[in-house]
1. Please check: in the Gaussian network model of the chain (C-alpha springs, under 10 Å), which one of T61, T114, T29 has the largest mean-square fluctuation.
2. For the stretch 57-175, what is the relative contact order in percent, using Cα pairs closer than 8 Å and at least 6 residues apart in sequence?
3. According to a simple spin-label model (label point 7 Å from Cα along Cα-to-Cβ), what is the distance in nm between N40 and L20?
4. For a Förster distance of 25 Å, can you work out the FRET efficiency between the beta-carbons of N103 and S163, rounded to the nearest 0.05?
5. Simple spin-label model, 7 Å along Cα-to-Cβ: V50 to K172 in nm?
6. Compute the distance in nm between two label points, each set 7 Å from the Cα along the Cα-to-Cβ direction, one at D67 and one at E129.
7. With 27 Å as the limit, write out which pairs from K41/K167; K39/K117; K60/K121; K39/K60; K117/K167; K100/K156 have Cα-Cα distances beyond it, or answer none.
8. Could you calculate the FRET efficiency of T29 with N84 from 1/(1 + (r/R0)^6), where r is the beta carbon distance between them and R0 is 22 Å, rounded to 0.05?
Amino acid sequence: MKKQNNLRKVPLRNYALAVLMFIAVVLITLYLFKWYQVKNKERIATSYLVENNLITSEIKTFEELNDVLAENSSRLILYISYRNDKDIYNIEKNYKKIFKNYNIQEIFTLFDITDIKEDNKDYKKMINEFLDINVNGFPVIIYYEGGQIVSYKKIKNSKDFESVIKKINIEKNSR
């Protein structure tokens, strides 16, 4: 007696279709991963403060900084930072609540040093000498009153930022 082969033959077309589906899933996954990376890079290419209109004054050169310092003889909060850094972007996200709680938009200026940082290896030394301060990293917040530096601090988190605001006696909004 002959043994019957109960195994069904799977057409080659089905194997080809399975391989094509696998390749399609891999390609779609790679595309989505790359898209996510590009979106993240685009997001941090702009300061969170600028992107969300939290500030009214942004400068990018020493000439503009010189003008701002000359024009502001009463009070000024100078925030020195750079873009394209995920950690700084995330810290700045937490500033939104602080800007909402304190009325600092009128005296706040962002000094975006991204271009200076990219063009000069000694950008820290240049900024320290120009402003007559001594910091070894950024972001930094500097408070001026009467055209003179009253205090400055390297910012590591939003609590550092808020502590400077409290220290300089900026009153909370009454909301």
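No value in this document is a laboratory result; all are computed from the given coordinates. As the structure is a prediction and not an experimental result, all values here were calculated from the model. So basically every Cβ, Gly included, is an ideal-geometry build from the backbone, and we count neighbours across all protein chains shown.
1. T29
2. 35
3. About 3.4 nm, to one decimal.
4. 0.90
5. In this crude spin-label approximation the distance works out to 3.2 nm.
6. In this crude label model, D67 to E129 measures out at 2.4 nm.
7. The answer is K41/K167; K117/K167.
8. Rounded to the nearest 0.05, the efficiency is 0.25.
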